[in-house]
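Every number in this text was worked out from the coordinates using simple rules, so none of it is lab data. Keep in mind that what you see is a predicted model, and the values were worked out from it rather than measured. All Cβ positions, even for glycine, are placed from backbone atoms using ideal geometry, and neighbour counts span all protein chains on display.
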Amino acid sequence: MRSFYEQAQISVEAIWPGMELGPVCLFRRGGPAFLFNHPHPPESFREIGENLFVGSQREWQLLGATQVPVEGVLTAIVDYGREDYGSPDEVFAVLFHELHHVYQRNSIRNVAHDNPAVLLRYPEDPRNDAIKLLEHRYLYQMCFPENDTDFRNSLDLFHRCREERKSIIGDYIEYEMTVENFEGPAFYCEYEFFKIHAKLPQAQKEDYSHRHFFGVLTTPYYGRNRLRMRHLGSGMAFCLILDRNSRDWKTEYYRSGMHLRDFFVKKLNPGVAILPDLTSYEAVSAYHTNRVIAARQKKYAEFGEQVGVEVVLEFAAMPDFRGFDPMHAEAIDEQTVVHPTLLRLGKGDNHLFFSGHPVVTYIVHEIWQVRKVRFFVSNAACVISGGGLAISIPGVDLEWTGEVVESNAKLLYFRAR
């Protein structure tokens, strides 16, 4: 932790001038949480070194890579125990990414977080998908141009793609730009930190960079698959291209109050271009977009075929929506959302926390308005006593007052107060 923070202090001004470093926390699910550079750590954390404290992940219900208030101080957190991290270098680069978000939220007033509810309503239009694939290809080519002519040609075509897609999806283009504004600079910071400090062999370093950072621009995705992640990639690309073509743009960008995409266009001034014939692109896109939708429906059907007791909580009053994972939540239809990785609801002392245990919410209008949840557990997991339901197993921590409406070997239907 100390070594990471020293590296961050050395390189932060070169990566993003003016960025301030907040406190950080690395943790492992079911294990320890290491807190560094926090001005007043929680009492339950004990000091194990200068400015370094250890506590419990479970006590603070830390999850994922994000930013959370710890004793009122916004802190960058990362789960170092995730299986998809191949090296400490990857973990520390993500931690630097989250530090940039802490800086944004503390110091940059005009950079708003995207509304994740929009992610679940984003139109799955084959024509939009076809053009977006081209758009991201042109962005990638601008990151690695063969020459200035190639760069300008890719710039003009990128701009034409974006304008064409705006005529197809309308205001949903604003969602994309909000993700690019908030996540693009942070993903760029992650890339730059990894590039500077990763100690991997060069071949491994380049392989990871192209898969993790640029793969979202070069891999064909359709429908809502990895939708938000794709715009982390486009936002990062804007930053890398601006580095190549403009000095001191970073301070100017945050002061401008503009969308990153609009700032990018203003700086580089693209010209007029004509898109290639899209007939074959649209045909391929229509095929794959329909497959994405069908696969999602199949996954939902398989969810309902699980072995175990089906537990349904119907809420008499709308619970407080306290957290979910926008990268992995999937809307099956306008009322049904699958949460495979994270869901947190509460109401007073009642709470529900799912971590890595799939659960479905049935909503009213917005993702935040949950009227019912549905999931599966073993029969022994459910404890009914004193007018309440309690479940405490790996991935599920639930305590809620209410009454049983129906109970048998296959179903527990509970009306939650």
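A few remarks follow.
- Cα gyration tensor of region 241-297 - equivalent ellipsoid semi-axes, whole Å, descending: 36, 18, 9
- For Lys266, the aspartates and glutamates whose Cα falls under 14 Å of its own Cα, not counting residues fewer than eight places away in the same chain, are Asp156, Glu252.
- The GluC sites (Glu not before Pro) found in region 1-98 that occupy coil by DSSP, while having at most 13 further C-beta atoms within 10 Å, are Glu20, Glu43, Glu50, Glu83.
- Stokes-Einstein diffusion coefficient of region 115-267, Kirkwood radius over Cα pairs, 20 °C, 1.002 mPa s, in µm²/s: 134 µm²/s
- Helical contribution to [θ] at 222 nm, DSSP H n ≥ 4, -39,500 (n - 2.57), averaged over the chain, rounded to 500: -14000 deg cm²/dmol
- In a DSSP loop and with at most 15 other Cβ atoms within 10 Å, the GluC sites (Glu not before Pro) in region 214-306 are Glu305.
- If you look at the Cα atoms of region 37-84, you get an Rg and a Dmax of 11.1, 32 Å.
- Whole-Hz Karplus values for region 391-397 come out as 9, 9, 9, x, x, 9, 10 Hz, taken residue by residue from phi with 6.51 cos²θ - 1.76 cosθ + 1.60 and θ = phi - 60°; glycine and proline positions read x.
- Available extension along the chain between Ser392 and Lys199 is 65.4 nm, counting 0.36 nm per residue and deducting the alpha carbon span.
- Region 264-356 shape via C-alpha gyration tensor axes, a/c threshold 1.5: oblate
- Square roots of five times the Cα gyration tensor eigenvalues for region 83-188, Å: 27, 21, 15
- Applying the criteria of a DSSP loop state and at most 14 other Cβ atoms within 10 Å to the trypsin sites (Lys or Arg not before Pro) of region 348-415 yields Lys410.
- Over the chain, Cα pairs under 8 Å with separation of 6+ residues give a relative contact order of 12 percent.
- Taking region 99-185 and dividing mean pair separation by its residue count, relative contact order in percent (alpha carbons under 8 Å, at least six apart): 42 percent
- Sequence-distant residues sharing a close amide H with Phe376 (under 5 Å, placed H): Val311
- Gyration tensor verdict on region 1-67 (Cα atoms; rounded if a/c is under 1.5, prolate if a/b is larger than b/c, oblate otherwise): prolate
- For Ile77, net neighbour charge (Lys/Arg +1, Asp/Glu -1) across residues whose Cβ lies under 13 Å away: +1
- Largest first, the three principal axis extents of the alpha carbons in region 335-382 are 34, 24, 17 Å in whole numbers.
- Under 5 Å between amide hydrogens, built in the peptide plane, is the criterion, and for Val70 it picks out Thr75 among residues at least 5 positions away or on other chains.
- With both residues required to sit in the chain, DSSP beta bridges show an antiparallel share near 85%.
- Cα gyration tensor shape of the chain, rounded if a/c is under 1.5, else prolate or oblate by comparing a/b with b/c: oblate
- Entry note: region 82-145 has Rg to Rh equal to 1.08, where both radii use alpha-carbon atoms and Rh is the Kirkwood radius.
- In the calculated pair-distance distribution of region 207-348, the portion above 23 angstrom amounts to 60 percent of the Cα-Cα pairs.
- Computed from backbone phi with θ = phi - 60° and the Karplus coefficients 6.51, -1.76 and 1.60, the 3J(HN,Hα) list for region 237-242 is 4, 3, 5, 5, 5, 5 Hz; x is used for glycine and proline.
- Segment Arg371..Ser167, full-extension length gain: 69.9 nm, with 0.36 nm per residue of separation and the alpha-carbon distance subtracted.
- In sequence order, region 125-142 has phi-based couplings of 10, x, 5, 4, 4, 4, 6, 5, 4, 5, 4, 6, 4, 5, 4, 4, 5, 5 Hz under the Karplus curve 6.51 cos²θ - 1.76 cosθ + 1.60, θ = phi - 60°, and Gly or Pro positions carry x.
- In this structure, the residue pairs whose Cα-Cα separation is over 25 Å, taken from Lys195/Lys250; Lys347/Lys372; Lys166/Lys299; Lys299/Lys347, are Lys166/Lys299; Lys299/Lys347.
- Cut-off under 5 Å, modelled amide H: who pairs with Gly388 long-range: Gly402
- Rg over Rh for region 314-404 works out to 0.94, using Cα positions for both radii and the Kirkwood form for Rh.
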